[in-house]
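Colleague: My structure is below; once you've seen it, I'll send some questions.
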Amino acid sequence: MNSDQPTTILTIDDEEAIRQSFAAFLEDFGYEVLSAPNGKIGLEVFRAHAPDLILVDLRMPEVDGLEVLSAVTKESKETPIIVVSGTGVITDAVEALHLGAWDYILKPVKNLSILLHSIEKALERARLIKENRAYQEHLEFLVDSRSKKILDYSHRLKHIADRTRQFTIKENIGELAPTILKTLSENIGAAGGSLFLRREEGLELVYALDPGHQKHIIPLPPPPRSVTAHLFEKRQAFIVPDIHSDDRFASSGWSGYSNGSLMALPLRDSEGEIQGVVTLHNKQIPPFTEQDLELGDIIASHSMEAIRNLNSNMALRESEKRFRSIIERSPYPIAFIAQDRRFTLLNDRFTEIFGYTLQDIPTLDKWRELAYPDPEYRQRVEQYWEMSLAGPPIPEGNSMGIERIVTCKDGAERTVEFKMIPLGENSLIVMNDVTDMRRAENDRNKLEIQLRQAQKMEAIGTLAGGIAHDFNNILSPIIGYTEMAMVEAPENSVLERNLSEVMKAAERAKELVYQILTFSRQTEIEKRPVQAQLVIREALKLLRSSIPTSIEFKKKINKECGPVLADPTQIHQVLMNLCTNAYHAMAETGGILTVSFDETVVLHDFMPGRLNLKPGKYVRLTISDTGHGMSRVVMDKIFDPYFTTKAQGKGTGLGLAVVHGIVKSMEGDIQVISEPGKGTSFIIHLPQVESTVEMPAQRTSASLPHGTENVLFVDDEGPVALMGKQMLERLGYTVMVQTSSVTALEIFKAQPDNFDLVITDMNMPHMTGDVLARKILEIRPDIPIVLCTGFSEIVTEENARAMGISEYIMKPMVMGDIADIVRKALDRK
């Protein structure tokens with residue numbers, strides 16, 4: 001470089017503060033600083049001003065740092081480029097170095113001396129390269145200009161060339177120094193000599209042909225009247241015919257100078273500074289000649305170039321060592337693959353995660369065989385690899401460029417992100433194990449699904465409560481008036497039979513409300529001895545009317561089966577769920593749905609490993625269909641909550657889970673038999689109980705408890721209020737009816753002693769039943785109150801009693817229930 005002009009540095013960074021900071025710092029050290037806010041402008045400045053060095057950021061708009069690297073390297077390989085970037089991703093560093101970066105520094109640069117040191121090293125290396133090229137050109141010029149003279153001793157030059165070629169294959173100075181001195185000795189004819197190299201403490205003796213007289217360290221500056229001092233003063237090679245008689249040099253007293261002949265050669269760097277000294281003495285045919293001096297200078301030049309290359313190679317090896325250390329310590333699995341598809345390096349993290357070593361997977365093909373045992377999946381991986389090597393971008397939607405499922409040495413599967421970076425004839429693969437992250441995402445998705453299902457069930461529960469309240473209010477007058485009409489109908493008349501059917505239908509509707517509340521978990525399950533065959537027959541009647549005629553029904557119900565301890569509604573729910581599933585399996589093609597119910601006995605050795613039942617008597621319910629059947633994989637999951645094979649929106653995945661829970665709560669078990677294309681059978685075993693089923697006794701109006709007390713009956717539903725009035729009057733009571741809770745409270749306030757009992761509905765406008773009851777008790781604490789409700793989430797029987805309410809009754813009410821409860825409340829007074 002021209003020392004008359006300041007060294008120019010171009011800073012390319014999209015952050016103005018960083019550009020200004022670097023410029024201020026570097027200008028203090030005499031550098032001229034150019035700047036550009038992005039890669040595009042940076043390339044324009046580079047081409048216009050040819051800076052001596054470039055500092056470039058990686059992440060910039062329009063043209064990023066990697067593109068700048070690529071362009072500058074193509075146009076001027078000798079221009080040093082240092083990457084100063086805030087990204088610490090190893091793949092970016094590898095890519096930058098691959099594209100020709102001379103160094104890589106992480107931002108923020110807290111100590112700008114690090115930046116200065118990197119710049120000085122890069123500039124020195126650039127000077128070495130340019131000086132070497134210039135010197136080689138100069139040598140070639142000298143050789144050309146002195147061709148005639150060189151011909152005279154061409155055999156010596158040929159020998160020198162042969163020997164100096166050996167300089168390049170030496171790996172350290174301990175091997176190179178003897179070769180240099182022996183080359184000089186052979187070609188110049190010197191019997192002795194030494195080679196010194198500059199160190200911090202002075203000139204250090206590296207090698208001597210005849211050791212014993214030289215000092216190991218020659219201090220700098222050298223002692224006066226010494227060969228070394230004269231060389232540093234003249235800064236060029238020289239010869240001394242006889243050192244004994246030359247007054248410029250003080251006598252060393254060494255007797256080894258046999259004839260006094262001496263030659264001193266400087267080893268200069270690209271700046272011309274002396275970095276080493278070679279001395280030769282005892283010319284075999286003295287004295288040393290100018291020809292000897294010229295040849296010595298040539299060999300010294302090659303020697304210094306070899307030393308510089310050696311130092312560069314050592315620095316490169318040290319850099320490679322540091323790079324390998326970074327790779328080994330990387331938290332990511334990393335692999336290097338040579339052109340012959342053999343692995344050259346697997347870092348420790350690779351082996352830690354996958355378990356494979358170089359002995360397990362020496363080649364890429366062996367890795368694929370073990371990591372991707374599925375042939376089809378392996379083929380997709382290989383296609384991606386070939387596409388990556390070919391160069392064009394990977395098509396969008398090709399997930400193999402992002403993640404792969406890798407089978408580890410222990411058989412476990414890991415989800416791994418891959419990044420393949422071509423590096424000339426080799427390839428670098430950087431991986432990221434995202435198994436735990438993907439598993440957490442899947443768990444979160446499952447939880448979100450369960451939350452949505454729970455919210456749906458909550459909505460169903462809210463809807464069920466509303467339906468129960470309204471439907472029970474509708475059923476109350478139907479059941480009440482029908483019951484009173486049946487009392488007046490002639491015995492065994494057509495009218496009595498018709499009213500009896502109406503009563504049965506109303507009772508079924510009442511049970512339906514109970515089923516809805518049970519499904520939404522808003523009523524308690526009460527188990528009692530039940531003739532399950534009766535519940536099954538009633539449920540099948542309902543199913544037959546709702547399932548298309550393309551499904552043929554077959555039923556085999558044993559009427560003599562013993563009772564089971566259960567809730568009738570739950571038996572109904574189990575049958576409805578299983579039959580509905582059977583219908584869905586045959587909806588498109590039609591088929592046969594068979595329901596059978598009989599008794600069986602489970603022995604100790606009955607179906608071992610298939611049913612978890614205690615020995616004893618059981619009833620067996622079997623629901624079979626001729627639908628599409630199930631695979632073993634599906635069968636293993638059908639009782640899992642939220643698992644469904646139906647399309648989205650067609651099912652919650654809760655039906656079979658509910659069935660399984662109900663059966664298990666009854667201490668029974670459920671078995672599934674199915675094959676694809678051969679239909680499905682669900683077989684349920686429930687334990688029989690010895691208790692008999694108590695049938696409710698028929699009660700006449702005359703047998704019900706009567707009374708003559710005064711009753712205030714409050715209900716906002718007019719038909720319910722009138723029905724209650726008629727029922728109570730039939731039982732002998734005097735009844736005042738009010739459909740407004742507010743008005744009822746005013747009447748009671750006016751005449752609190754005129755009433756012996758208050759019966760109030762719960763859900764009423766303006767004032768609910770529990771509030772009305774509390775205000776009445778404040779007026780007259782001793783009056784009995786009966787609370788009626790079609791459904792309430794707020795007041796239960798337990799907390800109603802805690803509020804002072806005497807009795808609690810659920811709608812729809814029958815005359816027997818209201819007669820008993822009214823009498824019970826009055827008698828407790």
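The values are calculated or read from the model by the stated rules, or taken from the named source; none is laboratory data. All values reported here derive from a predicted model rather than from experimental measurement. Glycine gets a Cβ as well: all are built from the backbone with ideal geometry, and neighbour counts include every protein chain shown. Calculation scope for accessible area: heavy atoms of the full protein, side chains included, ligands and nucleic acids excluded. Shrake-Rupley method; radii C 1.70, N 1.55, O 1.52, S 1.80 Å.
Colleague: Can you pull out the strands (runs of 3 or more DSSP E) entirely within the range 11-105 that have at least 2 residues that are closer than 22 Å to HIS117 by Cβ and open to solvent by 20 Å² or more (accessible area, probe 1.4 Å)?
Modeller: Numbers: elements: 32-36, 53-56, 81-85.
Hits in the range 11-105: 32-36.
Colleague: Out of (1) crowded, with 21+ Cβ neighbours inside 10 Å; (2) in contact with a helix residue (DSSP H, G or I) (Cβ under 7 Å, 6 or more places away or on another chain), the odd one out for PHE354 is which?
Modeller: Here PHE354 meets the rest and fails (2).
Colleague: Related question: Kindly evaluate VAL737 against the criterion of being open to solvent by less than 20 Å² (accessible area, probe 1.4 Å), modelled with pLDDT of 90 or more and either more than 30 Å from THR482 (Cβ to Cβ) or not in a loop (DSSP other than H, G, I, E, B) (or both). Steps first, please.
Modeller: Numbers: open to solvent by less than 20 Å² (accessible area, probe 1.4 Å): no; modelled with pLDDT of 90 or more: yes; either more than 30 Å from THR482 (Cβ to Cβ) or not in a loop (DSSP other than H, G, I, E, B) (or both): yes.
Criteria not met by VAL737.
Colleague: For the range 412-437, give me each residue that is open to solvent by less than 50 Å² (accessible area, probe 1.4 Å), without any contact (Cβ under 8 Å) to a residue 60 or more places away in the chain and of a type outside the set (Val, Ile, Thr).
Modeller: Hits for the range 412-437 are ALA412, PHE418, MET420.
Colleague: Ok, one more. Please work out which residue is surrounded by the fewest Cβ atoms within 10 Å (Cβ to Cβ), limiting yourself to the range 706-728 and to residues that are within 22 Å of VAL742 (Cα to Cα), aliphatic (A, V, I, L, M) and out of contact with any helix residue (DSSP H, G or I) (no Cβ under 6 Å at 6 or more places or on another chain).
Modeller: Residue satisfying both the conditions and the ranking: LEU722.
Colleague: For VAL814, state whether it is out of contact with any strand residue (DSSP E or B) (no Cβ under 7 Å at 6 or more places or on another chain), crowded, with 18+ Cβ neighbours inside 10 Å and among the aliphatic types (A, V, I, L, M). Quick ask: steps written out before the conclusion?
Modeller: Details: out of contact with any strand residue (DSSP E or B) (no Cβ under 7 Å at 6 or more places or on another chain): yes; crowded, with 18+ Cβ neighbours inside 10 Å: yes; among the aliphatic types (A, V, I, L, M): yes.
Criteria met by VAL814.
Colleague: May I ask you to verify whether GLU294 is in a loop (DSSP other than H, G, I, E, B), open to solvent by 30 Å² or more (accessible area, probe 1.4 Å) and of a type in the set (Asp, Glu)? Explain how you work it out, then say what you get.
Modeller: Working: in a loop (DSSP other than H, G, I, E, B): no; open to solvent by 30 Å² or more (accessible area, probe 1.4 Å): yes; of a type in the set (Asp, Glu): yes.
Answer is no for this residue.
Colleague: Could you give me the residue pairs with C-beta distances under 6 Å whose first residue belongs to the range 362-383 and is in contact (Cβ under 8 Å) with a residue 24 or more places away in the chain, whose second residue is open to solvent by 40 Å² or more (accessible area, probe 1.4 Å) and assigned to a loop (DSSP other than H, G, I, E, B) wherever it lies, and which are 6+ apart or on separate chains?
Modeller: Listed pairs, sorted by first residue: LEU364/ARG341.
Colleague: Would a scan of the range 780-801 turn up a residue that is free of Cβ contacts under 8 Å to residues at least 12 places away in the same chain and more than 60 Å from the chain's Cα centre (by Cα)?
Modeller: No, there is no match, as no residue in the range 780-801 is free of Cβ contacts under 8 Å to residues at least 12 places away in the same chain and more than 60 Å from the chain's Cα centre (by Cα).
Colleague: From the list GLY804, GLY790, pick out the single residue that is closer than 21 Å to PHE471 by Cβ, at pLDDT below 90 and either open to solvent by less than 60 Å² (accessible area, probe 1.4 Å) or of a type outside the set (Gly, Ala, Ser) (or both).
Modeller: Numbers: GLY804 fails: closer than 21 Å to PHE471 by Cβ.
On inspection, the qualifying residue turns out to be GLY790.
Colleague: Of all residues in the range 542-578, which are modelled with pLDDT under 80 and open to solvent by 50 Å² or more (accessible area, probe 1.4 Å)?
Modeller: Answer for the range 542-578, where residues must be modelled with pLDDT under 80 and open to solvent by 50 Å² or more (accessible area, probe 1.4 Å): LEU542, ARG544, SER545, SER546.
Colleague: Hey, among LYS646, LYS650, LYS678, LYS617, which residue is over 18 Å from PRO568 (Cα atoms), exposed (fewer than 14 other Cβ atoms within 10 Å of the Cβ) and modelled with pLDDT of 80 or more? Talk me through it step by step, then tell me what you get.
Modeller: Details: LYS646 fails: modelled with pLDDT of 80 or more; LYS650 fails: modelled with pLDDT of 80 or more; LYS617 fails: exposed (fewer than 14 other Cβ atoms within 10 Å of the Cβ).
Only one candidate passes the filter, namely LYS678.
Colleague: Is there any pair with a first residue in the range 178-205 that is in contact (Cβ under 8 Å) with a residue 12 or more places away in the chain and a second that is among the aromatic types (Phe, Trp, Tyr) and assigned to a strand (DSSP E or B) whose Cβ atoms are under 7 Å apart and which are 6 or more apart or on different chains, and what are they?
Modeller: PRO178/TYR207; LEU181/TYR207; LEU195/TYR207; LEU203/PHE196; GLU204/PHE196; LEU205/PHE196
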